[in-house]
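Single-structure report; data block below.
The values are calculated or read from the model by the stated rules, or taken from the named source; none is laboratory data. Note that the coordinates shown come from a computational prediction; the quantities given were computed from them, not determined experimentally. Counting neighbours? That spans all protein chains shown, and the Cβs are built from the backbone with ideal geometry, glycine included. When the accessible area is computed, the model is the full protein with side chains, heavy atoms only, and any ligands, DNA or RNA have been set aside. Shrake-Rupley method; radii C 1.70, N 1.55, O 1.52, S 1.80 Å.
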Amino acid sequence: MKLTLIKPNIGRREHSLYVDEARMEPLQLGILAALTPEDVEVVMYDDRMEQIPYDEPTDLVAITVETFTARRAYEISEEFRRRGVKTVMGGMHAMLIPEEVSEHCDCVIVGDAEPVWAEMIEDHRKGQLKKRYDPVQPCCPQINVITRRDIFEGKGYLPITLLQFSRGCSHKCSFCASSVYFKANHYCRPVEDVIKEIKSQKRKLLFFVDDNIVCNRKKAKELFRALIPLKIHWVSQGSIDMLADSELMELMVKSGCLGLVIGFESISPECISEMNKGTNKKGSGDMYKSEIQQLRKWGLQTWAAFTVGHDGDTLESIKATCDFAIRNKFTFAAFNILMPYPNTPLYEKMEREGRLLYDGKWWLHEDYRFNYASIVPKNMTPDELTEISFNCRSRFNSPSSIFKRALEPRTNMRTPYRFATYLIYNPLFRKEVFKKQGMRFGLKSENEEKNDA
Ligand code: B12
Ligand code: SF4
């Protein structure tokens, strides 16, 4: 039996294919490959930079689907199904809205693949593939499973190894798709498995793609202690409340942490309350002043993630958020428009209030473009929101801002290695800002789809 794994792209720029230059290994496909019985041949194609060989013989195609890649994933599935090949889908979007996904494939797995993957392969071999598998959730991730990284070789991914220590997060921010996927659960792998996985590969630079690596501080400390002897460098994602625990922070730094993606989301306490971001709730005073001082003290390079378009936001407050990010010399920052991902509390609120654009299903709509607003914000028009968020991204990543932010001695200029990382990745992300803005979802237009049908 032969299995083909696929990572779909988002789509294309108006007249050309979009190639993701900051592409990283698709970890979920490495895990699916590792879960697959040894006698099954496995190949992987990444639509972000290579053509999918639809006519190459295969027995089953597995596609990972996120909301922003759903349209493209459905196109790919359709091509294989037209050739008589069965397709199976899973991933974030499949969990959020399985009924829609199942219309576009032969089988949908609703949740983590680990508990049902082997059963699904056996069913397929016997010609008894079910339409839907519902793994018991939450399951413990990757028990005794080491990601298969041979399938990533030669694909030109960034030289950083992706892996996970934990999945999920116990918080319930209203916009967060992960929180819905994991039903606000957080679960960790055994530390020995993680250490074994690190030793199974050669790189010294790792990205723990955990939703919130410090969610369970006791377990995180156990991991950090075990990482110290390995002398690696690593980055991850963590909530800002970690700073309250200095033992945790000390271990984190000693274990080789270079920095974290931290959800600052907003500099307005009202917006923080509105989005139910318990980790960032503060009393009055200067939002984040002491936290930023501490991050510098620990020497961590911060990727500050902001969401814009909250009911408390105005054009001025969003501009001030960008000024704040530049003034505080964050290493990187994201200014993501508040997106109503299906089944999130944010989606439900926007639906109730009649504020969803593009018939609610923006991810499938012919006219929707990447990084466009898909809700009606309170204090500006959707177009203004689209424009100001693009403006924040281009201003934060402008040459003058890159120069100004570089001059932070405790973080960006701490060591030649840190400085080099800063200088390599900032221009790369700047390029991405312009390439991704306004990108069409999927490769086909509605007319092409009708013709195919
Ligand atoms: C790492 C990461 C990134 C990395 C990219 C990594 C890469 N390989 O390229 C970076 C930082 C670049 C990134 C960027 C973005 N990301 Co991101 N990212 C993540 C993160 C944190 C981890 C993903 C991951 O590797 N998980 C580990 C794997 C093992 O877990 P998994 O994918 O869930 O897979 C399991 C199951 O879902 C299932 N499964 C998965 N696929 C399949 C397929 C089949 C066939 C089956 C049966 C099962 C199955 O089995 C797997 C094993 O149990 C997730 C959060 C999350 N929890 O998923 C967000 C997340 C996926 N990202 C998100 C977003 C929005 C983005 C951006 C659009 C942000 C932006 N505005 O620019 C961009 C778009 C990137 C692009 N393509 O251009 C959202 C997506 C929301 C949604 N509803 O789709 C998430 C969920 C974050 C969130 N909390 O909302 N991201
Ligand atoms: S803290 Fe982060 S991962 Fe956790 S629910 Fe909020 S946004 Fe999601």
For region 236-243, 3J(HN,Hα) per residue [Karplus equation, 6.51 cos²θ - 1.76 cosθ + 1.60, θ = phi - 60°, Hz, x = Gly/Pro]: 6, 10, x, 8, 5, 5, 4, 5
Which of GLY256, TYR425, TYR74, positive extreme of dipole for the chain (C-beta unit charges): GLY256
Accessible area of ILE146 in the full protein assembly, 1.4 Å probe (Å², nearest 10): 50
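Given Cα pairs under 8 Å that are at least 6 residues apart, what percent is the relative contact order of the chain?
On the way: 838 pairs, mean separation 65.0, N = 453.
The value is 14 percent.
Just how large is the dipole of region 159-436 about the Cα centre, in debye to the nearest 20, putting +1 at every Lys and Arg Cβ and -1 at every Asp and Glu Cβ? Let's see the in-between values first.
Details: 42 positive and 30 negative charges, 296 e Å.
Using Cβ point charges on Lys, Arg, Asp and Glu, region 159-436 gives about 1420 debye.
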Fraction of antiparallel bridges per DSSP, region 2-133 only, in percent to nearest 5: 5
Helix-only [θ]222 nm of the chain, DSSP H runs n ≥ 4, -39500 (n - 2.57) each, per residue, nearest 500: -10500 deg cm²/dmol
Those Cys residues of the chain for which no other cysteine Cβ falls under 4.7 Å: CYS105, CYS107, CYS139, CYS140, CYS169, CYS188, CYS215, CYS257, CYS271
Listed residue (MET24, ILE240, VAL65) projecting farthest to the positive dipole end of the chain, Cβ model: ILE240
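Compute the signed sum of charges (Lys and Arg +1, Asp and Glu -1) over the other residues within less than 13 Å, Cβ to Cβ, of ASP55. Spell out each step's value before the answer.
On the way: positive: ARG82, ARG83; negative: GLU56, GLU79.
Computed value for this residue: 0.
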Positive-end residue of GLY309, PHE330, ALA406, charge dipole of region 303-453 with Cβ unit charges: ALA406
For region 34-50, Karplus couplings with θ = phi - 60° (6.51, -1.76, 1.60), whole Hz, Gly/Pro x: 5, 7, 7, x, 4, 7, 9, 6, 10, 10, 10, 10, 10, 5, 6, 8, 9
Hz values of 3J(HN,Hα) by residue in region 147-155 - Karplus curve (6.51, -1.76, 1.60), Gly and Pro given as x: 3, 8, 9, 4, 6, 8, 5, x, 9
Long-range amide H partners of VAL42 with built H, under 5 Å: LEU3
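Could you tell me which trypsin sites (Lys or Arg not before Pro) in region 116-166 are loop residues by DSSP with no more than 13 other beta carbons within 10 angstrom of their beta carbon? Can you show the working numbers first?
Values: sites: ARG125, LYS126, LYS130, LYS131, ARG132, ARG148, ARG149, LYS155; in loops: LYS126, LYS130, LYS131, ARG148, ARG149, LYS155.
Within region 116-166, the qualifying trypsin sites (Lys or Arg not before Pro) (loop, at most 13 other Cβ atoms within 10 Å) are LYS126, LYS131.
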Long-range amide H partners of VAL308 with built H, under 5 Å: ASN336, ILE337, LEU338
Anchor LYS126: lysines whose Cα lies under 17 Å away (excluding residues fewer than 8 positions away in-chain): LYS2, LYS86
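Take every DSSP beta bridge whose two residues both sit in region 159-436, then give the antiparallel share in percent to the nearest 5. Mind showing how you got there, number by number?
On the way: 4 of 26 bridges.
The answer is about 15 percent antiparallel.
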Charged-residue dipole, Cβ positions (Lys, Arg, Asp, Glu), region 2-133 about Cα centre, Debye nearest 20: 340
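What do you reckon, how do VAL136, VAL261, VAL194 stack up by accessible area (1.4 Å probe), largest on top?
Working: VAL136 110, VAL261 30, VAL194 0 Å².
These residues rank, largest area first, as VAL136, VAL261, VAL194.
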Orientation-averaged projected area, Cα convex hull of the chain (nm²): 20.8
Given charges at beta-carbon only (K, R positive; D, E negative), |dipole| of region 193-240 in Debye: 280
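Would you mind checking the pairs LYS231/LYS329; LYS130/LYS155; LYS172/LYS204; LYS319/LYS378; LYS319/LYS361 and listing those with alpha carbons more than 23 angstrom apart? List each step's numbers first, then the result.
Working: LYS231/LYS329 27 Å; LYS130/LYS155 32 Å; LYS172/LYS204 33 Å; LYS319/LYS378 16 Å; LYS319/LYS361 29 Å.
Violating the 23 Å limit, Cα to Cα: LYS231/LYS329; LYS130/LYS155; LYS172/LYS204; LYS319/LYS361.
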